[in-house]
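The values are calculated or read from the model by the stated rules, or taken from the named source; none is laboratory data. Computed from a prediction, not measured in an experiment: that's the story for all the values here. Positions of Cβ are backbone-derived with ideal geometry, glycine not excepted, and every protein chain shown enters the neighbour counts. SASA here: full protein model, heavy atoms, side chains in, ligands and nucleic acids out. Shrake-Rupley method; radii C 1.70, N 1.55, O 1.52, S 1.80 Å.
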Amino acid sequence: MAVLTDPIADFLTRVKNAGNARLEQFAVPYSSIKAEIARILQEEGYIWSYEVTGEGKDKAIKVKSKFTKDGKAIIQDVKRCSKPGRRQYVHSADIPTVMNGLGISIVSTSAGVMTGAKARKQQIGGELIALIW
């Protein structure tokens, strides 16, 4: 079994690949940060839903992918910004807008994980996790 050095990047890649492969749902190992990212993706309309299943070591997150009427994935691409070897922190004024507002940025702040727009509105900076469009 391979050891993952960046489980968040693995989760984001699985979200993108599931959309490209037209998988209706997929599962990833559970962590609280991945559950928060899934919550944001659901709130912003990038996935239909997510569900935490199992207990202990068998805990997982089941995600239902979302597609357009043409069958294309809603999530076109994902860019992981902050990595375990090199964290990227931003002030609230420096949080990037993604595709002129067509995408979202995800920021881990002292007030929790939130979208970049919400963090900018609350004037809270933090660790820039990813850009999604």
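Every residue in region 107-133 that is assigned to a strand (DSSP E or B) and out of contact with any Cys (no Cβ under 7 Å at 6 or more places or on another chain), please.
The answer is Val107, Ser108, Thr109, Gly112, Val113, Met114, Thr115, Gly126, Glu127, Ile132.
Just wondering, is there one or more residues in region 120-132 that are surrounded by 15 or more Cβ atoms within 10 Å (Cβ to Cβ), farther than 19 Å from Leu12 by Cβ and of a type in the set (D, E, K, R)?
Yes, region 120-132 contains a residue that is surrounded by 15 or more Cβ atoms within 10 Å (Cβ to Cβ), farther than 19 Å from Leu12 by Cβ and of a type in the set (D, E, K, R).
Would you point out which residue out of Asp10, Asp58 is over 19 Å from Ser105 (Cα atoms) and either without any contact (Cβ under 8 Å) to a residue 24 or more places away in the chain or out of contact with any Ser or Thr (no Cβ under 7 Å at 6 or more places or on another chain) (or both)? Let's see the steps before the verdict.
Working: Asp10 fails: over 19 Å from Ser105 (Cα atoms).
Answer to the check: Asp58.
Restricting to region 103-119, what's the tally of residues that are farther than 24 Å from Asp10 by Cβ and in contact with a Phe, Trp or Tyr (Cβ under 6 Å, 6 or more places away or on another chain)?
Qualifying residue count, region 103-119: 0.
Looking at Thr97, Thr68, can you tell me which residue is β-branched (Val, Ile, Thr), within 20 Å of Arg22 (Cα to Cα), surrounded by fewer than 16 Cβ atoms within 10 Å (Cβ to Cβ) and out of contact with any Phe, Trp or Tyr (no Cβ under 9 Å at 6 or more places or on another chain)? Walk me through it before giving the result.
Values: Thr97 fails: within 20 Å of Arg22 (Cα to Cα).
Only one candidate qualifies: Thr68.
Given (1) closer than 20 Å to Arg14 by Cβ; (2) of a type in the set (D, E, K, R); (3) without any contact (Cβ under 8 Å) to a residue 12 or more places away in the chain, identify the lone condition not met by Arg80.
The failed condition is (3).
If I filter region 28-36 for residues that are open to solvent by less than 70 Å² (accessible area, probe 1.4 Å), at negative phi and touching a Lys or Arg at 6+ places or on another chain (Cβ under 8 Å), do I get at least one hit?
yes
Right, Gly116: small (Gly, Ala, Ser) and touching a Pro at 6+ places or on another chain (Cβ under 8 Å) or not?
yes
Among Ile74, Ile106, which is of a type in the set (A, V, I, L, M) and under 25 Å from Thr5 (Cβ atoms)?
So the residue among Ile74, Ile106 that is of a type in the set (A, V, I, L, M) and under 25 Å from Thr5 (Cβ atoms) is Ile106.
Only one of these conditions is not met by Cys81: (1) under 24 Å from Leu128 (Cα atoms); (2) modelled with pLDDT under 95. Which number is it?
All conditions are met except number (2).
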